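Just dropping this structure here.
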Amino acid sequence: MDSAVAAGLLRRQGWNLQGIHLRLSPLAATEDRVQALAQRLGIPLTVIDLQREFSREVLDYFASEYARGRTPNPCVRCNAAIKFGLLWEHLRRDGFTHLATGHYARILPADDGAPGLFRGVDRRKDQSYFLSRLSRSLLPNLLFPLGHMTKEEVRQVHHQMGLPVRENQPESMELCFIPQGDYQGFLQTQRGSLGPPGDFVDTRGRLLGRHRGLECYTVGQRRGLGIPAREPYYVTEIQPELNRVVLGHRQELFSPGLMASRMSWLIAPPVEDLEAVAVIRYRHPGVRARISPRVPDGVRVVFERPQSAVAPGQAVVFYDRDRVLGGGWIEARIK
């Protein structure tokens with residue numbers, strides 16, 4: 001729906017359009033359905049097979065991060081490496097000037113006059129978090145026609161355009177390559193086996209029980225631990241070097257800050273401390289924080305107030321009001 005409405009709006013504005021369907025996985029939408037949609041919109045369609053690249057850049061990354069005791073974010077990775085990386089390189093070689101998608105985000109002039117990435121108007125659907133690692137140089141070539149619309153407005157336009165509707169079509173909430181949410185099954189298939197069982201310990205290192213393998217747990221997890229206690233246990237840390245999962249009570253989940261690496265800035269990279277809102281996972285409301293640059297491409301982040309479940313492997317994204325300043329990968333929480 002989102003991609004189709006974005007294309008329809010651009011066609012109304014007089015853009016000369018080329019539809020692109022990325023073949024990333026055998027689980028993707030069937031090409032005949034996509035072709036029928038392109039015909040209804042009146043635009044040509046090209047299918048680009050990036051299954052090998054998607055497997056290398058996203059699937060292998062996803063499995064290896066879990067094996068390292070980290071919590072990956074494959075959508076952030078895919079957008080930077082595949083959709084706005086390899087795809088844009090392909091399109092640019094073919095002479096295309098812009099890449100448009102159905103993301104709920106906005107490209108607007110910033111205070112310095114240069115294009116900036118901003119949150120979508122519909123905060124419930126805003127996807128700017130997932131776009132935080134795009135190249136700053138790419139912003140002038142991007143179009144997000146839905147960024148100023150709500151999801152309900154998009155549905156109305158979809159209906160007005162007479163585009164085909166799939167009955168009882170749900171919102172796509174699961175990962176595209178794990179549509180049923182069976183993470184352990186996918187990881188076992190991808191790697192051949194899950195990691196070995198190991199110890200549950202508390203934050204003092206005392207043995208609490210045995211875990212089923214590091215891939216079965218993420219920081220902040222409460223369910224499925226199987227450790228009886230008066231006060232519920234949560235996963236506070238995963239220690240791959242010791243094959244241990246550290247459990248603690250709710251108050252032990254909170255951290256005053258974090259360390260992040262591999263920063264990608266959508267502003268001039270800061271050389272001094274700056275104040276911004278830090279978002280440590282999708283749907284996190286954000287918290288005021290002081291960001292201190294570290295050589296060569298890292299930052300130290302100190303929150304205005306402690307935050308729960310800071311998970312290594314997740315993306316941290318920095319905002320100035322609605323503008324995305326940049327993002328990096330969480331390496332560790334500050335204790």
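Which helices (runs of 4 or more DSSP H) does the stretch 11-78 wholly contain that include 2 or more residues that are among the basic types (Lys, Arg)?
Working: elements: 31-41, 51-54, 60-67, 74-78.
Correct list: 31-41.
Under 8 Å by Cβ, and 6 or more places apart or on different chains, what pairs join a residue from the stretch 182-203 that is within 11 Å of Leu214 (Cβ to Cβ) with one that is modelled with pLDDT under 90 and not hydrophobic (A, V, I, L, M, F, W, C)?
Leu194/Gln184; Leu194/Gln188
Is it true that some residue in the stretch 60-74 is out of contact with any Asp or Glu (no Cβ under 9 Å at 6 or more places or on another chain), hydrophobic (A, V, I, L, M, F, W, C) and more than 30 Å from Leu10 (Cα to Cα)?
Yes, the stretch 60-74 contains at least one residue that is out of contact with any Asp or Glu (no Cβ under 9 Å at 6 or more places or on another chain), hydrophobic (A, V, I, L, M, F, W, C) and more than 30 Å from Leu10 (Cα to Cα).
Still on this structure: In the stretch 262-274, what residues are surrounded by 12 or more Cβ atoms within 10 Å (Cβ to Cβ) and over 20 Å from Leu134 (Cα atoms)?
Passing the criteria: Asp273, Leu274.
Find the residue count for the stretch 261-275, including only residues that are touching a residue at least 24 places away in the same chain (Cβ under 8 Å) and either within 19 Å of Phe200 (Cα to Cα) or out of contact with any Lys or Arg (no Cβ under 8 Å at 6 or more places or on another chain) (or both).
Adding up the residues that qualify gives 4.
The conditions are (1) crowded, with 19+ Cβ neighbours inside 10 Å; (2) outside any loop (DSSP other than H, G, I, E, B); (3) not hydrophobic (A, V, I, L, M, F, W, C), and Pro145 fails exactly one of them. Which is it?
Only one criterion in (1) crowded, with 19+ Cβ neighbours inside 10 Å; (2) outside any loop (DSSP other than H, G, I, E, B); (3) not hydrophobic (A, V, I, L, M, F, W, C) is unmet by Pro145, namely (2).
Then there is this: Kindly provide the set of residues from the stretch 72-100 that are of a type in the set (Val, Ile, Thr) and more than 17 Å from Arg133 (Cα to Cα), ordered by number.
Of the residues in the stretch 72-100, the ones of a type in the set (Val, Ile, Thr) are 76, 82, 97.
The one that is of a type in the set (Val, Ile, Thr) and more than 17 Å from Arg133 (Cα to Cα): Thr97.
Please go through the stretch 216-254 and pick out each residue that is farther than 23 Å from Asn73 by Cα, surrounded by fewer than 16 Cβ atoms within 10 Å (Cβ to Cβ) and of a type in the set (D, E, K, R).
Arg230, Glu231, Arg250
A further question on this structure: Give me the pairs, please: first residue somewhere in the stretch 135-160 and in contact (Cβ under 8 Å) with a residue 40 or more places away in the chain, second residue anywhere and aromatic (Phe, Trp, Tyr) and in a helix (DSSP H, G or I), beta-carbon distance under 8 Å, and either six or more positions apart or on two chains.
Here the result reads Ser135/Phe84; Leu138/Phe84; Leu138/Trp88; Asn141/Trp88; Leu142/Phe84, each pair linking the stretch 135-160 to a residue that is aromatic (Phe, Trp, Tyr) and in a helix (DSSP H, G or I).
The values are calculated or read from the model by the stated rules, or taken from the named source; none is laboratory data. All values derive from a computational prediction rather than experimental measurement. Because the Cβ atoms are built from the backbone with ideal geometry, glycine has one as well, and the counts that use them run over all protein chains shown.
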